[in-house]
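K.L.:
Starting off with a structure, shown below.
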Amino acid sequence: MSRTFCALAALLAAGAAGADEPRALCADRPGLGTPACTVDPGRAVFELGIADFSRDREGARRGDTLIVGDALLRLGLNDSLEAQIGWTAYGRQRERSGGVATRASRFGDLQVALRQNLRNPDGSGVSIALMPYAQFATGREPIGAADWSAGLIVPIGIDLGAGSLAFTPSIDAVVDSDGHGRHLGYGSVVGWGFDCTDALSASVELSLYRDRDPAGASLQRVAGLSLAWQPPGRAGEDPASQWDIGSNVGLDKAGPDVELYVGYVRRF
């Protein structure tokens, strides 16, 4: 009994020591890809898309979408596993076609996910993770989907010292454009990240995604550029927050013409 108590006490002490010395902040945002790192056990990271504006033109049709309050909560469950829950608080879409304008304001869908890191949960060296997710239709179109969807993301990061390479292949069961049923979607993001200063980092990314919608398959190509600034923490402490901005540009008709966004991250 005494041995069991001592072992438990040692485990709790090790967990407390780990909580006192957190890993470097590794946020999901900004950018198109997903990192392989996970949140420290017993800690939480809150990520907020403050505003996200995109514009898409096709012939006489023009669509503008504004997303506000795209929130993500990440919880560290153990040394290599985290749980995620995300929700979009508000979205507004406006479309103009043939002199007629339509508007819709909605809240978005709920998304849950688990990220299991398989190698280097702090994101150092070569880091690999598996991230199954599911999205539930808590919102309404056009901000939310009309049905549930699910998929698997496999984030891969390679720290090269002077910079890092990131790959984010994924395979998804995507809701059909008519809102009835699902179809296969798959693709990947490749990115190059580097430090501009001790506090400012940048990332350049390219996303290729094949959407096999029964109404018409498409290959979406999107390029992205983002900046992230982590304000210095108190003396002797690593940064615990981040501000970011970014822009994505569609390289074909399948994606939005332009997207601009700004966000904030805080670790607790």
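The values are calculated or read from the model by the stated rules, or taken from the named source; none is laboratory data. Bear in mind the structure is a predicted one, so any value in this text is a computation, not a measurement. Cβ atoms come from the backbone with ideal geometry, glycine included; neighbour counts cover every protein chain shown.
K.L.:
Could you list all residues from the range 57-94 that are within 20 Å of Val258 (Cβ to Cβ), among the acidic types (Asp, Glu) and surrounded by fewer than 18 Cβ atoms within 10 Å (Cβ to Cβ)?
P.N.:
Glu58, Asp64 - these are the residues of the range 57-94 that are within 20 Å of Val258 (Cβ to Cβ), among the acidic types (Asp, Glu) and surrounded by fewer than 18 Cβ atoms within 10 Å (Cβ to Cβ).
K.L.:
Would you pick out the residues in the range 190-201 that are touching a Gly at 6+ places or on another chain (Cβ under 7 Å) and small (Gly, Ala, Ser)?
P.N.:
Looking only at the range 190-201, we keep the residues that are touching a Gly at 6+ places or on another chain (Cβ under 7 Å), and these are 191-194, 201.
If the condition is that a residue be touching a Gly at 6+ places or on another chain (Cβ under 7 Å) and small (Gly, Ala, Ser), then Gly191, Gly193, Ser201 are the ones that fit.
K.L.:
Looking only at residues that are in contact (Cβ under 8 Å) with a residue 24 or more places away in the chain and polar (S, T, N, Q) in the range 238-268, which one is nearest to Ile67 (Cα to Cα)?
P.N.:
Applying the first criterion (in contact (Cβ under 8 Å) with a residue 24 or more places away in the chain) to the range 238-268 yields 238-242, 244-246, 248-268.
Those still in the list that are polar (S, T, N, Q) too: 241-242, 248.
Working: Ser241: 22, Gln242: 20, Asn248: 15 Å.
Checked the range 238-268; the qualifying residue nearest to Ile67 (Cα to Cα) is Asn248.
K.L.:
What single numbered condition from (1) in contact with a strand residue (DSSP E or B) (Cβ under 7 Å, 6 or more places away or on another chain); (2) exposed (fewer than 14 other Cβ atoms within 10 Å of the Cβ) fails to hold for Thr197?
P.N.:
If we test Thr197 against (1) in contact with a strand residue (DSSP E or B) (Cβ under 7 Å, 6 or more places away or on another chain); (2) exposed (fewer than 14 other Cβ atoms within 10 Å of the Cβ), just (1) comes out false.
K.L.:
Hey, another quick one. Got a sec? Which strands (runs of 3 or more DSSP E) wholly within the range 157-268 have at least 3 residues that are among the charged types (D, E, K, R) and over 15 Å from Leu25 (Cβ atoms)? Spell out the reasoning first.
P.N.:
Values: elements: 164-167, 170-175, 182-195, 200-211, 218-229, 241-250, 258-267.
Qualifying strands (runs of 3 or more DSSP E): 200-211.
K.L.:
Which residue is farthest from Gly123 (Cα to Cα), if the candidates are limited to the range 95-108 and must be in contact with a strand residue (DSSP E or B) (Cβ under 6 Å, 6 or more places away or on another chain) and surrounded by fewer than 16 Cβ atoms within 10 Å (Cβ to Cβ)?
P.N.:
So, considering only residues that are in contact with a strand residue (DSSP E or B) (Cβ under 6 Å, 6 or more places away or on another chain) and surrounded by fewer than 16 Cβ atoms within 10 Å (Cβ to Cβ), the one farthest from Gly123 (Cα to Cα) is Ser97.
For (1) touching a Phe, Trp or Tyr at 6+ places or on another chain (Cβ under 6 Å); (2) modelled with pLDDT under 95; (3) more than 30 Å from Ser207 (Cα to Cα), each residue gets a yes or a no:
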| residue | (1), (2), (3) |
| --- | --- |
| Thr4 | no, yes, yes |
| Ala9 | no, yes, yes |
| Ala27 | no, no, no |
| Asp56 | no, yes, no |
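K.L.:
Tell me the strands (runs of 3 or more DSSP E) entirely within the range 41-148 that contain at least 3 residues that are under 20 Å from the mean Cα position of the chain (by Cα).
P.N.:
On the way: elements: 44-58, 61-76, 81-97, 100-106, 110-119, 126-136.
Those strands (runs of 3 or more DSSP E) span 44-58, 61-76, 81-97, 110-119, 126-136.
K.L.:
Next up: For the range 200-215, which residues satisfy the criterion of being touching a residue at least 24 places away in the same chain (Cβ under 8 Å) and farther than 30 Å from Ala240 by Cα?
P.N.:
Tyr209, Arg210, Asp211, Arg212, Asp213, Pro214, Ala215 - these are the residues of the range 200-215 that are touching a residue at least 24 places away in the same chain (Cβ under 8 Å) and farther than 30 Å from Ala240 by Cα.
Okay, residues lined up against (1) modelled with pLDDT of 95 or more; (2) farther than 18 Å from Asp122 by Cα; (3) surrounded by fewer than 16 Cβ atoms within 10 Å (Cβ to Cβ); (4) touching a Ser or Thr at 6+ places or on another chain (Cβ under 7 Å):
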| position | (1), (2), (3), (4) |
| --- | --- |
| Gly151 | yes, yes, no, yes |
| Gly161 | no, no, yes, no |
| Ala166 | yes, no, no, no |
| Asp172 | yes, yes, no, yes |
| Ser188 | yes, yes, no, yes |
| Ala215 | no, yes, yes, yes |
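K.L.:
If you don't mind, there's one more thing I want to ask. Regarding Thr38, is this residue buried (at least 19 other Cβ atoms within 10 Å of the Cβ), assigned to a loop (DSSP other than H, G, I, E, B) and either at pLDDT below 95 or among the β-branched types (Val, Ile, Thr) (or both)?
P.N.:
Against the criterion (buried (at least 19 other Cβ atoms within 10 Å of the Cβ), assigned to a loop (DSSP other than H, G, I, E, B) and either at pLDDT below 95 or among the β-branched types (Val, Ile, Thr) (or both)), Thr38 qualifies.
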